1. Pulled fully out, how much extra length does the chain show between residue B:247 and residue B:169, if you take 0.36 nm times their separation in residues and subtract their Cα-Cα distance?
2. Taking the Cα atoms of segment B:3-215, report the difference between the largest and smallest coordinate on each principal axis, in whole Å and largest first.
3. Calculate log10 I(q)/I(0) of segment A:183-239 for q = 0.12, 0.13, 0.30 Å⁻¹, where I(q) comes from the Debye formula with a single equal point scatterer on each Cα and nothing for solvent.
4. By how many degrees, between 0 and 90 and to the nearest 10, does the Cα long axis of helix B:165-178 differ from the longest principal axis of chain B?
5. Helix B:91-101 versus the longest principal axis of chain B: what is the Cα-based angle in degrees, 0 to 90, to the nearest 10?
6. What is the mean number of Cβ atoms from other protein chains located within 10 Å of the Cβ atom of each residue in peptide B:138-147, rounded to a whole number?
7. Starting from the coordinates of the alpha-carbon atoms of segment B:214-273, obtain the Kirkwood hydrodynamic radius over all distinct pairs and give the value in Å to one decimal.
8. Report the convex hull volume per residue for segment A:32-152, counting only C-alpha atoms, in Å³.
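Every number here is computed from the coordinates shown, using simple stated rules; none is lab data. All of these numbers come straight from a predicted model, not from anything done at the bench. Glycine gets a Cβ as well: all are built from the backbone with ideal geometry, and neighbour counts include every protein chain shown.
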C-alpha cells in the first residue's frame, strides 16, 4: 500500500487541486473579510458547502480514481495481472490508498481553512462553538469523501475509462448544486439526485430528509457497484 | 516441472481462435511460430492465466493454473506483444514497482533491478523516464521485468521486436543461459532467433498445432527441396507463380531466386541448405 500512497503523493495534480482550492479559499476569505465582516465566521464555517466540497470532488474524480483505469490506458494490465500480487491485493491496496488520500485531502483543506480564516481575520484562536461546528461538518465530509471515492473508484474500475467515469460520477454531483431543496418534493427525481450521490455529505451535512431511506440507499449503492466491479474483474481475469 | 495444455480451445463468438491444443512443455526453449492470426498471442494469454479458455485447461505439475492463482503467477514472467508502461516512471522505478508486485522484498527488488538493467544494457539509463526511451530500450525494460523474480516459466511474445541486431544477439545469449532450468515459450516472426535458441518449435496455423519438433529435424524434412535459381528478370514471374519463393535478389538483368521445390526446378538450379525462413514458407506460404 505504501507504493500506491507514494504514487499518489508524487502525482503533481493531487497537490495542484489542493493548492487551487486553498488559493480560491484565500481569495474568498479576503473578500468576505473586506465586504461581509459581520458574517465572516459563518461564511468560513460554510466552507464545505461550496468550495470545499467541490475541491474534494475534483480531487477524487481527477486524481484518486484514475489509478483504476491507468493500467488499461497504458496497456500495462497484462504485465500487472501476470504478477503474484497484481490482481486482488493490488486492487484493495489501491482502494485503501485512495481512501486514505481522500481523507488526507480533507484534513489538509480543513487545516488550510482554519489557518486562512485566522490569518485573514487577524485572530489567534477561533471561537469555541465555531471550531466545534466546523469539526463536526468535517467529520461528515470525511464520511462523504470516502463513500464518494469508493463508488467512483468502483465505476472507474468497472468501465476502465477515466473520462467516462468522471462524467458518470461527476454529473449527478454537479447537477445537485443547482437544485433548490426548498422546492423539491420527496421521491422526486431532483430530490433523489440532490440527496442520493453524496452531495450533502460532501457539503458537511447529514441528510435531514428521510435519513432512514438514505441509510439503506447508500450501503446498497456502494455494495452494488462493488459487486459489479468484482464481477467485471472476474470476467477479465483480474481477480 | 511440466506444463501441460489439455485440449485447449478458445472461441471469440463463432470464430475458433484455438482448437484442440494439446502440448506438454518441460525445461527448455520452445519457439512458437505461425502467421498473423494463427492464435499465438491467444495461446500465450491462456498460458499466463490472462484469458479463460473456452474448453480445456493448463496444468502445472498436474494442477490447474486457474486454481493455483498467485502461486502460479509467482513462478511466471511475461512479456506481452504490446508492452505497456507508465510514461512518467523511470526505468528503475518501473522495474521496482513490478518487483514489488511480484512479491520481492525491497532489498531484493533493488538488487535484481540493478542486475537486470545491467544485463539488458540500460543501467546508465535507469533514471530516464520511460517515455524518453526509444522503442528498443523500452522493449529491453520489458524483457528485464519479465525476468524479475527469477521465474521458472517465461512467456515472451515478440520479445525482439524493435531490437537492433546487437541487442537481439544479447537477448539470445540471455535466453540460452536461462533455458537450462526454465520453461521458455517464445513467439516471434524473426525465425533466425528461433533457429539460434529454440530446443523445439511449435508450428501454429489457424488455431491448430501443425507440428512440434526440433529445428534440425524440421530442417531435415526440407533437404533437397531448396534451390537457388538464376534467370533473366523477365522470366522471374513464371517461377514465382509456380514455386514458393523465400528470397529474390536482382543482379543486373538477372534475378537470383531461392525457391522451394521437390524436384529440380531448372537445369541451372543449385541445391541449398534449408533455413528457418524456408521452413516458415513451406508450412505457411
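1. Once the chain is fully extended between residue B:247 and residue B:169, it gains 25.8 nm.
2. 46, 36, 34
3. For segment A:183-239 at q = 0.12, 0.13, 0.30 Å⁻¹, log10 I(q)/I(0) is -0.39, -0.44, -1.22.
4. Long axis of B:165-178 versus the principal axis of chain B: about 60 degrees.
5. The angle comes out at about 70 degrees.
6. Counting other chains' Cβ atoms within 10 Å and averaging over B:138-147 gives 1.
7. 11.9
8. 115
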